[in-house]
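First comes the structure, then the notes that go with it.
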Amino acid sequence: MKLLHRHKRFLLMLNAISILLAFLMHLPELIALSNPETGSRLFPDVHWANVSYEILFTYFSTLLLFFLNIKIMRLNSPARELGWKRVTVTFVITLVVCNLLGKGFVFVHQYFDVPAITAMLHHYLHPLRDILITSIVTGTCYMEHQNRCSQRMLLENEQLRTENLVNQYEALKSQLNPHMLFNSLNTLYSLIRESPDKAQNYLQELSRVMRYTLHDNLAHTVALTEEMSFVRSYIYLLQMRYEENLSFDIDIPQAMLQRQVPPMAVQMLVENAVKHNEISNRNPLTIHIGVEGNSLYVSNRIQPKLSDSSNTCIGLANLSKRYRLLFGCDITIEENEKNFKVTLPLI
C-alpha cells in the first residue's frame, strides 16, 4: 500500500511538472496574446487556438519523455545502480526524441491543418526549449532515483537495526539464560575446589564470552579473527563441561582471518551443534570448522538427542536474513542421514 501511494504521488508530480513546463515554455506567446501591439511584431498572426494546441502538445510530449526516462533509467527496478554513463545516454536520447516530436508536430500542422504557431521567433526558440525540457525531465527522474535509493537505504538500515536487536536478544536468550549460567557457575564452583588455576582461566574466558555478547558485537560485521577469538573462549567453556567427549577440528588459513562475518555467526553454529546432538562417553562429538574457497563451514556428524524437541530453524533463518540484508548473499545448509553442514560466505 505504501509503495502504491508513493507511485501515485510520483505520477501526480510528473503531471504537475508537465503542466507547468507547458505554460512556461510558451510564456512569450502568452505575453504576446495579452499585449497585441507588442506581440504582433514578435509573433505575427498568433491566436489563442494556436497557443492552446502548442501548450497541449508540450504537455503530452513532456509526459511521454518522462515515461521514456523511467523506462531507460529503470526506476521501477529495485536496487539498481544508476551511473553517469546511463544518465548521459538518457539525456541524449531524450533530447533527440524531444526534437523529433517537435518535427512531428510541425508535420501534422502542415498536412492536417492542426493549429500551431508559425512565427520565426517561435522556431528559433525550439532548440533552447528542447534542451530545457530535456534537462528538467532527465534531472527530475535522476533525483527521483536518488530519492528512492535513499529511502531504500534507510529502510534497509532500519531492518538491519531490527535484525541486530533480534540477534542480540537471541544471543542473550541462548548464551546468558539461567540454564547456561547455572551450568557455567557449577563448573566454576567445581574447578575452584579441585583446581584454582583452571578456575581462574575459566572465569577469564567466561568474562570474555559475556563481554563480547553484551558489548563487543554491536557492529553489523566483525573480522573473522575477532569472531574466532570469541568462539575459542566459548569452546573453552564447552570443553571444560564436556571434557574429552567434545572436540574441535579448526583449520582456517591466516589469509582468511580478515574477512567479515556477522557477529556471533560462527558461535551460533557451534552452539546449535552442541545443543542438538548427543555428547557422551558413548557418542563423543567432533565439530569441524574450516574454509572452502571464500566460505567458512561448520559441520558435525548427526547424533540426535532422544529428548531433543527444539528446532534450529529460527536461529538459522535469522542468520540467513542477516546475510541477505548485509551482503546480498545467503548461507548454505547441507544435511543428509549422517552429517549436518552450514556454510557462511566470507566477505
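The values are calculated or read from the model by the stated rules, or taken from the named source; none is laboratory data. Being a predicted model, the structure only gives us computed values, none of them experimental. Note: ideal-geometry Cβ built from the backbone for every residue, glycine included; neighbour counts use all protein chains shown. With ligands, DNA and RNA removed, areas are computed over all heavy atoms of the protein, side chains included. Shrake-Rupley method; radii C 1.70, N 1.55, O 1.52, S 1.80 Å.
Structure above, values below:
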item: Residue within the stretch 242-251 that is more than 18 Å from Tyr297 (Cβ to Cβ), part of a strand (DSSP E or B), touching a Leu at 6+ places or on another chain (Cβ under 6 Å) and of a type outside the set (Phe, Trp, Tyr) present; result: yes
item: Residues within the stretch 172-192 that are assigned to a helix (DSSP H, G or I), over 13 Å from Leu238 (Cα atoms) and either of a type in the set (A, V, I, L, M) or at pLDDT 75 or above (or both), tallied; result: 4
item: Qualifying residue in the stretch 254-261 (condition: within 31 Å of the chain's Cα centre (by Cα) and more than 30 Å from Met153 (Cα to Cα)); result: yes
item: Verdict on Thr213 being modelled with pLDDT under 75 and of a type in the set (Val, Ile, Thr); result: yes
item: Residue among Leu56, Leu20, Leu30, Leu100 that alone is within 24 Å of Val137 (Cβ to Cβ), in contact with a helix residue (DSSP H, G or I) (Cβ under 7 Å, 6 or more places away or on another chain), modelled with pLDDT of 80 or more and not β-branched (Val, Ile, Thr); result: Leu30
item: Subset of the stretch 125-146 (residues that are within 12 Å of Leu82 (Cβ to Cβ), polar (S, T, N, Q) and surrounded by fewer than 19 Cβ atoms within 10 Å (Cβ to Cβ)); result: Gln146
item: Residue match in the stretch 286-293 (condition: in contact (Cβ under 8 Å) with a residue 24 or more places away in the chain, in a helix (DSSP H, G or I), touching a helix residue (DSSP H, G or I) at 6+ places or on another chain (Cβ under 7 Å) and open to solvent by 30 Å² or more (accessible area, probe 1.4 Å)); result: no
item: Odd one out for Met120, checked against (1) of a type in the set (A, V, I, L, M); (2) more than 17 Å from Ala22 (Cα to Cα); (3) modelled with pLDDT of 90 or more; result: (3)
item: Single residue of the stretch 314-347 satisfying the filter (farther than 15 Å from Leu296 by Cβ and open to solvent by 80 Å² or more (accessible area, probe 1.4 Å)) that is modelled with the lowest pLDDT; result: Ile314
item: Single residue of the stretch 229-279 satisfying the filter (in contact (Cβ under 8 Å) with a residue 60 or more places away in the chain and of a type in the set (A, V, I, L, M, F, W, C)) that is nearest to Ser207 (Cα to Cα); result: Met264
item: Qualifying residue in the stretch 105-114 (condition: under 14 Å from Tyr142 (Cα atoms) and either open to solvent by less than 40 Å² (accessible area, probe 1.4 Å) or small (Gly, Ala, Ser) (or both)); result: no
